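Read the structure below first, then the notes.
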């Protein structure tokens with residue numbers, strides 16, 4: 001092989017290696033994992049407000065929340081007064097509700113998974129199925145688009161045949177630089193859009209750039225949406241798995 005051909009061969013090898021590395025670096029499932037870890041950390045604690053908006057009324061709910069990975073979370077309702085003290089616990093595939101006003105611990109049954117959590121557009125199933133976002137779907141980068149002045153990857157998520165999930169298809173738009181999930185569309189099995197999530201008001205909190213306002217908008221239901229406001233958040237705090245127990249639900253404040 002002469003010198004000129006050798007140089008060309010080395011350049012081709014370098015280009016191939018570079019492309020392979022780039023593809024590995026931006027694989028769809030890795031982007032999903034990075035975006036999820038961005039807003040969760042290994043553990044987190046947060047203070048949030050939620051506004052439920054309907055054509056003729058509005059309702060606000062305030063809460064404290066604790067999370068460990070995708071499998072464990074606990075939420076304590078701080079307002080309004082009639083709901084204060086309620087606690088919701090998620091442990092892997094189970095979800096529980098402690099209602100101090102009647103002194104009862106209730107397991108959320110499968111029949112209630114499609115109901116709105118606290119009357120919002122965020123369903124019980126959304127909370128419970130969050131842990132399946134990586135495992136239960138096949139992921140594919142189907143485009144690169146400009147959204148809200150951000151360069152994003154558009155990722156298509158199709159449920160695996162054996163997966164027990166509600167959605168027939170999900171699209172997520174995740175920024176290239178910070179791996180921030182700024183838009184999601186949820187479709188039913190008939191390929192009809194059911195709802196969309198939009199992220200706004202990006203701020204640095206505990207060293208991470210995250211959206212502090214998330215709007216959940218049902219499709220074809222004018223005047224309806226749920227807005228989640230993140231007021232405070234701390235990442236990678238000391239929060240053992242043992243914290244997420246029914247005993248703790250009755251004591252947490």
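The values are calculated or read from the model by the stated rules, or taken from the named source; none is laboratory data. Just so you know, these numbers come straight off a predicted model, no measurement behind them. Note that we place each Cβ from the backbone using ideal geometry, even for glycine, and neighbour counts take in every protein chain shown.
Out of the residues in the stretch 209-241 meeting the condition of being more than 16 Å from the chain's Cα centre (by Cα) and in a strand (DSSP E or B), tell me which one is nearest to residue 43 (Cα to Cα).
Filtering first and then ranking leaves 234.
Looking at (1) farther than 22 Å from residue 66 by Cα; (2) in a strand (DSSP E or B); (3) without any contact (Cβ under 8 Å) to a residue 40 or more places away in the chain, which is the one condition that is false for residue 202?
So the condition that residue 202 fails would be (1).
Within the stretch 119-127, is even one residue surrounded by fewer than 19 Cβ atoms within 10 Å (Cβ to Cβ), over 24 Å from residue 208 (Cα atoms) and either under 16 Å from the mean Cα position of the chain (by Cα) or touching a residue at least 12 places away in the same chain (Cβ under 8 Å) (or both)?
yes
Could you please find all residues in the stretch 244-253 being assigned to a helix (DSSP H, G or I) and surrounded by 15 or more Cβ atoms within 10 Å (Cβ to Cβ)?
If the condition is that a residue be assigned to a helix (DSSP H, G or I) and surrounded by 15 or more Cβ atoms within 10 Å (Cβ to Cβ), then 248, 249 are the ones that fit.
Can you tell me how many residues in the stretch 67-80 are free of Cβ contacts under 8 Å to residues at least 24 places away in the same chain and within 19 Å of the chain's Cα centre (by Cα)?
1
Give me a count of the residues in the stretch 38-56 that are closer than 26 Å to residue 218 by Cβ, in a strand (DSSP E or B) and under 16 Å from the mean Cα position of the chain (by Cα).
Matching residues across the stretch 38-56 total 3.
Output yes when any residue across the stretch 57-66 is over 30 Å from residue 135 (Cα atoms), out of contact with any strand residue (DSSP E or B) (no Cβ under 9 Å at 6 or more places or on another chain), free of Cβ contacts under 8 Å to residues at least 12 places away in the same chain and outside any loop (DSSP other than H, G, I, E, B), and no when none is.
yes
Would you check which residues across the stretch 231-253 are closer than 17 Å to residue 84 by Cα and in contact (Cβ under 8 Å) with a residue 12 or more places away in the chain and list them?
248, 249, 250, 252, 253
Among the residues of the stretch 81-106, count how many are in a loop (DSSP other than H, G, I, E, B) and more than 26 Å from the chain's Cα centre (by Cα).
Residues that pass the stated criteria total 6.
Tally up the residues in the stretch 168-199 that are in contact (Cβ under 8 Å) with a residue 60 or more places away in the chain and buried (at least 18 other Cβ atoms within 10 Å of the Cβ), please.
Result for the stretch 168-199: 6.
Can you tell me which residues in the stretch 145-173 are more than 16 Å from the chain's Cα centre (by Cα) and farther than 20 Å from residue 125 by Cα?
Matches in the stretch 145-173: 145, 146, 147, 148, 149, 150, 151, 152, 153.
Looking at the stretch 78-103, which of the residues that are surrounded by 20 or more Cβ atoms within 10 Å (Cβ to Cβ) and closer than 19 Å to residue 46 by Cα is modelled with the lowest pLDDT?
90
Sort out which residues of the stretch 137-155 are in contact with a helix residue (DSSP H, G or I) (Cβ under 9 Å, 6 or more places away or on another chain), surrounded by 15 or more Cβ atoms within 10 Å (Cβ to Cβ) and either in contact (Cβ under 8 Å) with a residue 40 or more places away in the chain or closer than 16 Å to residue 211 by Cβ (or both), and write them in order of number.
Selection gives 139, 141, 153, 155.
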